[in-house]
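Here the structure is laid out as structure tokens; the discussion comes afterwards.
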Amino acid sequence: MDTPVATSNRHGVDGPAGRLRVLYVDSECDDITAVKETLSGSTDEFTVTVCETADDALKTLEDASYDCVVSEYRLPDRDGIELLRAVRDQSFDLPFLLFTDDGDESVASNAISAGVTDYVTKTPLSEQTELLRQRITSAVARSQEEADILDRMTDAFFALNEDWEFTYANERGRRVIGRAMDVDGDTTDLLGRNIWEAIPSLEGTEFSKQYRQAMTQQEPTSFEAYFEPLQTWFEVSVYPSPTGISVYFRDITERHEHEEEIRGRERTLREIYRVISRKDLDFEDKVDRLLEIGQNALGTETAALSRIDGDMYVFEIVRDRTGTTEAGDAVPLDATNCERAVVEEKTLVLADIAEDRPELTDRAGYTEMGVSCYLGTPVIVDDSVYGTFCFYSKKPRDSFSEWEVTLVELMGNWVSYEQERERREQELTRERNRLEEFASVVSHDLRNPLNVAFGRLTLVDEEYDGDPEHVEALRRSLERMDELIDDVLTLARGGHKVIDATETSLDDIITAAWDTVESSNATLERIDTDARVTGDQTRLQQLFENLFRNSVEHGSTSSRTGSDDSDDHVTVRVGTLSDGRGFYVADDGPGIPEDERDEVFERGYTTSDEGTGFGLAIVSEIVDAHSARITVSESEDGGTRFDVTGIQIE
């Protein structure tokens, strides 16, 4: 009962090329004739196959593919809704139209629930068959568009009915399923097959668990899982319905590998930080650990820190899995690849020396040592190339990644910094030792003659009958020499950082400092000094002594321009800054000119004939030793104010 009439078909692989295949299910001869005549007389091309029962229709669908099913509701063996449900078990997207006069609202509702595509009444038959033709054409076109969208979308997709049988799969889905089925992509007979039978390796996996759970609970779910047979990570979204599940999935293996690569890099950086921050390891041990980290990250056979000694290249610290190179070995510099990194003073990246730099293949490093890949960065110390921090192997590789190059440069830069820091510390140690020696000389070789001079001056004073001012002038000169010696010793011995800071009373330190100052013409005022200060108590007291002495000695009111007051009295105020940021010392003396404030902490700076010029320099060094900061400004009374910030006050 086929009537060849035509159009392009998606399901109709068995029909004439270019024709739309329609399966019409009805037992009424007059209706069958009317439908066939309408479709045959249209400008569209159809092939119509007629079945009079639902069972015949289902068998026909098993044997051939169709673009659309049109069915009467009342059939000899079952109704059209039951046929619709049976069709949907096999194909969720095949257009299915009900063409009947025997329906009501209940039938229409049930049809919609079962997934009917359209519902067309037969009366009047002569007019409704034309409407039916239009609806068939529209439904097939819409189905084709939806199928095209599914095939074009980046996600793979497949659908299963409640019996776990495939009812649809787009092209991407078929390719992945074909690989999982190990059928080389041949999924011609996929539809209607049970997923667990087609892909038995799914059983017991996260995929099986999530699919079954979504079907049972009728709740959508999304997850990521690894499918071992394909060695692939998938991102999966499952959407259930009463008739089955729809599954969207995509290959995210590359993303997972990238994320794992990032996690690996983070682990490497944490390892590096743990190594360089350890205080129980010396420089050599730290470099050895860094070489090991780099060796593992890059997968090279050998890693080394080497230095240049004339025209020789000396291996200082080595990790060599081949056992051919040890610390202390030396080779001519021009025989190595490192020579290029040294000369060019930049990182040398050679994944395959023979291909990347064939001119280096005549060197002993390539011909005798067999080095075929190399990554090294120069170690720069005090603007000169010290040596190289490098990694190499006997086997060439495809490439060194940007991350690997950056990693080596990062570790090499740390080595450069540490080398410079160690040199600086050695220089500082030598300088401190020289200062200690100088201090010892000053203390012994100058103090002894000075003490003798003081003793002789006492004898002279007892027997001298001349002008006593001569004796007093000599005494003042000796006392000034004694003060200079004290200040020089303080500068020589007091430059080191405060390590063991302790908490003590700020008021107690201020009191002890003030008691050492000649203050008969000075008054001390305290503002919020009942607090605790953290630092080196002895050196903080010296700081306050020098600041108080500076105010008293340079802050007399009679020294102010235009002042008629000969009282020479000065008021010194000391207080804490807000939020525990530090403290200040201020006076009402003449102050310091603004253009001289940057110079007051320099050694030797003084505006007094009796000053040594070291007092404020010592203050500055004590502040630096506490990692704090001192500034000078004008006080509220027009005098001088020193603010010390960075020393904890509570």
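Can we say residue 275 is touching a strand residue (DSSP E or B) at 6+ places or on another chain (Cβ under 6 Å) and hydrophobic (A, V, I, L, M, F, W, C)? For residue 275, the condition - touching a strand residue (DSSP E or B) at 6+ places or on another chain (Cβ under 6 Å) and hydrophobic (A, V, I, L, M, F, W, C) - is not met.
Of the residues making up segment 300-324, just one is β-branched (Val, Ile, Thr), surrounded by 19 or more Cβ atoms within 10 Å (Cβ to Cβ) and part of a loop (DSSP other than H, G, I, E, B), namely 300.
Of all residues in segment 252-290, those that are of a type in the set (D, E, K, R) and over 25 Å from the mean Cα position of the chain (by Cα) total 6.
Do we find a residue being under 29 Å from the mean Cα position of the chain (by Cα) and either modelled with pLDDT of 95 or more or under 21 Å from residue 409 (Cβ atoms) (or both) anywhere in segment 350-358?
yes
Among the residues of segment 55-103, the one identified as aromatic (Phe, Trp, Tyr), in contact (Cβ under 8 Å) with a residue 60 or more places away in the chain and within 20 Å of residue 122 (Cβ to Cβ) is 99. The single residue among 76, 95 that is of a type outside the set (A, V, I, L, M, F, W, C) and over 24 Å from residue 159 (Cα atoms) turns out to be 76.
Counting only strands (runs of 3 or more DSSP E) that fall entirely inside segment 72-184 and contain at least 2 residues that are buried (at least 20 other Cβ atoms within 10 Å of the Cβ), the qualifying elements are 96-99, 156-161, 166-169.
Say whether the condition of being touching a Pro at 6+ places or on another chain (Cβ under 9 Å) and open to solvent by 30 Å² or more (accessible area, probe 1.4 Å) is met by at least one residue in segment 242-257. The answer is yes, given that some residue of segment 242-257 is touching a Pro at 6+ places or on another chain (Cβ under 9 Å) and open to solvent by 30 Å² or more (accessible area, probe 1.4 Å).
Whether any residue in segment 409-427 is part of a helix (DSSP H, G or I), of a type outside the set (Ser, Thr, Tyr) and modelled with pLDDT under 80 is what I want to check. Checked segment 409-427: no residue is part of a helix (DSSP H, G or I), of a type outside the set (Ser, Thr, Tyr) and modelled with pLDDT under 80.
Hey, can you tell me all the residues within segment 629-647 that are open to solvent by less than 30 Å² (accessible area, probe 1.4 Å) and in a strand (DSSP E or B)?
Within segment 629-647, 630, 632, 640, 642, 643, 644 qualify.
Residue pairs whose Cβ atoms lie under 7 Å apart, sitting 6 or more positions apart in sequence or on different chains, and linking a residue in segment 242-261 that is in a strand (DSSP E or B) to a partner that is of a type in the set (Ser, Thr, Tyr), are 244/167; 245/211; 245/239; 246/239; 248/237; 250/154; 251/232. Which one is modelled with the lowest pLDDT among residues in segment 6-37 that are within 21 Å of residue 127 (Cα to Cα) and buried (at least 20 other Cβ atoms within 10 Å of the Cβ)? Per the criteria, the residue is 36.
For segment 527-558, the set of residues classified as in contact with a helix residue (DSSP H, G or I) (Cβ under 6 Å, 6 or more places away or on another chain), of a type in the set (Val, Ile, Thr) and either under 17 Å from residue 618 (Cα atoms) or modelled with pLDDT of 90 or more (or both) consists of 533 only. Scanning segment 214-229 for residues that are loosely packed, with under 15 Cβ neighbours inside 10 Å, without any contact (Cβ under 8 Å) to a residue 40 or more places away in the chain and assigned to a helix (DSSP H, G or I) returns 216, 217, 228. Looking only at segment 279-295, residues that are open to solvent by 40 Å² or more (accessible area, probe 1.4 Å) and in contact with a helix residue (DSSP H, G or I) (Cβ under 8 Å, 6 or more places away or on another chain) come to 1 in all.
Residue-wise test of (1) without any contact (Cβ under 8 Å) to a residue 12 or more places away in the chain; (2) surrounded by fewer than 20 Cβ atoms within 10 Å (Cβ to Cβ); (3) more than 21 Å from residue 305 (Cβ to Cβ).
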| position | (1), (2), (3) |
| --- | --- |
| 355 | no, yes, yes |
| 358 | yes, yes, yes |
| 374 | no, no, no |
| 387 | no, no, no |
| 392 | no, no, no |
| 410 | no, yes, no |
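Taken over segment 376-385, the residue count meeting the criterion of being open to solvent by 20 Å² or more (accessible area, probe 1.4 Å) and of a type outside the set (Asp, Glu) is 3.
Checked against the criteria, residue 510 does not count as within 22 Å of residue 637 (Cα to Cα), in contact with a strand residue (DSSP E or B) (Cβ under 8 Å, 6 or more places away or on another chain) and open to solvent by 30 Å² or more (accessible area, probe 1.4 Å). Based on this model, can you work out whether residue 36 counts as within 23 Å of residue 102 (Cβ to Cβ) and not β-branched (Val, Ile, Thr)? It is true that residue 36 is within 23 Å of residue 102 (Cβ to Cβ) and not β-branched (Val, Ile, Thr). Once segment 48-71 is narrowed to residues that are farther than 18 Å from residue 117 by Cα and in a loop (DSSP other than H, G, I, E, B), the residue that is modelled with the lowest pLDDT is 64. Within segment 528-549, work out how many residues are open to solvent by 30 Å² or more (accessible area, probe 1.4 Å) and either touching a residue at least 60 places away in the same chain (Cβ under 8 Å) or in a loop (DSSP other than H, G, I, E, B) (or both). Residues that pass the stated criteria total 7. Being touching a helix residue (DSSP H, G or I) at 6+ places or on another chain (Cβ under 8 Å), modelled with pLDDT of 70 or more and closer than 30 Å to residue 531 by Cβ holds for only one residue in 568, 587, 624, and it is 587.
The values are calculated or read from the model by the stated rules, or taken from the named source; none is laboratory data. As the structure is a prediction and not an experimental result, all values here were calculated from the model. Quick reminder, even Gly has a Cβ in these numbers, built from the backbone with ideal geometry, and neighbours come from all protein chains shown. Protein only, heavy atoms only, side chains kept; ligands, DNA and RNA dropped before computing areas. Shrake-Rupley method; radii C 1.70, N 1.55, O 1.52, S 1.80 Å.
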